Amino acid sequence: MKLATLKHEMRDGRLAVVSRDLNWCADAGHIQPSLQAALDDWSNAEPALRTLAEELERGTVPRERFHERDALSPLPRAYQWADGSAYVNHVELVRKARGAELPESFYTDPLMYQGGSDRFLAPRQNIPLGDDDWGCDFEAEAAVVTGDGRAGLSVDEAAGTIRLIMLVNDVSLRGLIPGELAKGFGFFQSKPPTAFSPVAVTPDELGEAWDGRKIDLPLQSWLNGEKFGEPECAVDMTFDFPRLIAHVARTRPLTAGSIIGSGTISNTLDGGPGKPVDEGGKGYSCIAEIRMIETLRDGAPKTRFMTPGDTVRIEMLDRNGKSIFGAIEQTVVRGEN
């Protein structure tokens, strides 16, 4: 089942089910007014939404064309957005860029930050940038949306809380990160609003590409129309989604509608940090990684961060080459949205 939130006069949008080919959608407001409302009453809402989705596939209910540009992030705002760093290769590279060593504990205890969840960007909404020196970067990731869970739940229990899966562009302002981390209190201004894919899908939509813990597909990203990365999500993932969820819920309950991110998808190559796509590698899911590679190889980075006019696209295709979530496609602009 695929779900979307369409633009509407209400700030939480209008809930809709979307056809598997992403061509059609059907209004689901008679079931629940918003995706958050559906997650709050999932045991009742899910069967009704699945019935509507099946009717949409058969063409037996009123439908309208689904346009990704009309979609908000599936949850336009959420009770919680917690982003992990499941791919330790990414953490190691970006820390090297700041001259910081990687503690051994990072391989056994997930790194995570709590992002702003009061307002997310739509998947086709511009990324506002106030100053080029802020170092605007994209981060291509995957995320799960959970149901309720108790504090201290086990990893197996955490797996049972997963309701939906989405893609993420976790926008980062690299130029602001060192100063913030030096204060010892974590990210804040360096993490502006995030964007999520046009649709969120139930895990069964991924078929054999979902084993209950990881997504066994590449995540593709393009920068200004050029393929930038296509790393495999199931490779080099030190902490799977249930492990990340259990980390979130170690000392506090999990609320339905919580979004838990994987962190930037990142693969190694022969024990090293990987290669760009045009050199036969899997590429990268953020600019910071290739800048670190360039620094190690050439003594200085040559790939610049994004500035107004630059466009990023993030998408995942199934084994038949069909888009699963639709695409995040955003252009950096000067100023505010």
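The values are calculated or read from the model by the stated rules, or taken from the named source; none is laboratory data. Just so it is clear, the structure is predicted and the values come from calculations on it, not from any experiment. Quick reminder, even Gly has a Cβ in these numbers, built from the backbone with ideal geometry, and neighbours come from all protein chains shown. SASA here: full protein model, heavy atoms, side chains in, ligands and nucleic acids out. Shrake-Rupley method; radii C 1.70, N 1.55, O 1.52, S 1.80 Å.
Could you tell me which of the residues Gly135, Gly152, Gly147 is open to solvent by 10 Å² or more (accessible area, probe 1.4 Å) and either small (Gly, Ala, Ser) or in contact (Cβ under 8 Å) with a residue 60 or more places away in the chain (or both)? The match here is Gly152.
Take the residues of region 307-337 that are exposed (fewer than 14 other Cβ atoms within 10 Å of the Cβ) and of a type in the set (Gly, Ala, Ser): which is nearest to Glu232 (Cα to Cα)? Restricting to residues being exposed (fewer than 14 other Cβ atoms within 10 Å of the Cβ) and of a type in the set (Gly, Ala, Ser), the top hit is Gly321. Among the residues of region 195-221, those identified as closer than 15 Å to Arg313 by Cα and either open to solvent by 20 Å² or more (accessible area, probe 1.4 Å) or outside any loop (DSSP other than H, G, I, E, B) (or both) are Ala195, Phe196, Pro218, Gln220, Ser221. Scan region 238-263 for residues that are among the hydroxyl-bearing types (Ser, Thr, Tyr), at pLDDT 95 or above and within 18 Å of the chain's Cα centre (by Cα) and the total you get is 2. All of (1) under 19 Å from the mean Cα position of the chain (by Cα); (2) open to solvent by less than 40 Å² (accessible area, probe 1.4 Å); (3) not charged (D, E, K, R) hold for Val235 with one exception: (2). The test for being farther than 19 Å from Ile265 by Cβ and either in contact with a Leu (Cβ under 7 Å, 6 or more places away or on another chain) or surrounded by 17 or more Cβ atoms within 10 Å (Cβ to Cβ) (or both) holds for Pro192. Would you mind stating whether Arg163 is open to solvent by 50 Å² or more (accessible area, probe 1.4 Å), within 25 Å of Ser34 (Cα to Cα) and part of a strand (DSSP E or B)? Criteria met by Arg163.
Within region 99-151, the set of residues being assigned to a helix (DSSP H, G or I) and of a type in the set (Phe, Trp, Tyr) comprises Phe106, Tyr107, Trp134.
Highlighted here are the strands (runs of 3 or more DSSP E) found entirely within region 9-89 that include at least 2 residues which are touching a residue at least 40 places away in the same chain (Cβ under 8 Å) and within 22 Å of the chain's Cα centre (by Cα): 14-18, 81-84. Considered as a group, the residues in region 265-283 that are of a type in the set (A, V, I, L, M) and touching a Lys or Arg at 6+ places or on another chain (Cβ under 7 Å) include one that is surrounded by the most Cβ atoms within 10 Å (Cβ to Cβ), and that residue is Val277.
Among the residues of region 250-264 satisfying the criterion of being farther than 13 Å from Trp81 by Cα and out of contact with any helix residue (DSSP H, G or I) (no Cβ under 7 Å at 6 or more places or on another chain), which is most open to solvent (accessible area, probe 1.4 Å)? Applying the filter and picking the extreme gives Arg250.
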